[in-house]
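All remarks here apply to the structure that follows.
The values are calculated or read from the model by the stated rules, or taken from the named source; none is laboratory data. If you're wondering where the values come from, they're calculated on a predicted model, not measured in any experiment. Ideal geometry is used to build each Cβ from the backbone, glycine not excepted, and the neighbour counts take in all protein chains shown. Heads up: the accessible areas ignore ligands, DNA and RNA and are worked out on the full protein's heavy atoms, side chains in. Shrake-Rupley method; radii C 1.70, N 1.55, O 1.52, S 1.80 Å.
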Amino acid sequence: MNDTAAGPLTGLKVLDLATLFAGPLAATMLGDFGADVIKVEHPRRPDPSRGHGPAKDGVGLWWKLLGRNKRTLTLDLSAPGGRDVLLRLAAESDVVVENFRPGTLERWGLGPRNCTRSTRAWCWPGSPASASSDRTRTAPASGRWPRR
């Protein structure tokens, strides 16, 4: 995170669970405007952008682009301890960005219905065709989004 730059989103807390480009880029842009972004990665399978494409000084250039202005931590979301930590982080976040296959977080008890009591927005970057019907029904535009 770049502590020297304040922006219009300073004070906004973002939880980035996404991988490979669309989601991480959306979270990066929020960080560019001052949001506090926490990137969550699997302990044994980090974000694929870390090793994608060319590297400089041992760090992938895609990761340098997508990982800027973020704090990172590792959590195994399929494990009970990882689930509990994520639920606490989501409760403190204003925005959650994720792009898991539809139903994955719900199977782990981590979907929007589990985490949105205090989270203002849940974001699924990518193609609208990839969103499950449940995601479409609970999107902010539907008017059924939980508000603070």
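Per-residue answers, yes or no, for (1) open to solvent by 80 Å² or more (accessible area, probe 1.4 Å); (2) among the polar types (S, T, N, Q):
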{"position": "ARG45", "(1), (2)": "yes, no"}
{"position": "PRO48", "(1), (2)": "no, no"}
{"position": "HIS52", "(1), (2)": "yes, no"}
{"position": "LYS56", "(1), (2)": "yes, no"}
{"position": "VAL59", "(1), (2)": "no, no"}
{"position": "ASN69", "(1), (2)": "no, yes"}
{"position": "ASP76", "(1), (2)": "no, no"}
{"position": "PRO80", "(1), (2)": "yes, no"}
{"position": "ASP84", "(1), (2)": "no, no"}
Worksheet, complete the sentence: Scanning the range 86-116 residue by residue, the ones that are open to solvent by 20 Å² or more (accessible area, probe 1.4 Å) and small (Gly, Ala, Ser) total 2
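With the requirement that a residue be closer than 19 Å to GLY34 by Cβ and not in a strand (DSSP E or B), what does the range 94-110 give you?
ASP94 - this is the single residue of the range 94-110 that is closer than 19 Å to GLY34 by Cβ and not in a strand (DSSP E or B).
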Discussion item. Of all residues being over 18 Å from ALA91 (Cα atoms) and touching a strand residue (DSSP E or B) at 6+ places or on another chain (Cβ under 6 Å) in the range 29-40, which is least open to solvent (accessible area, probe 1.4 Å)? Just the residue, please.
Written reply: GLY31
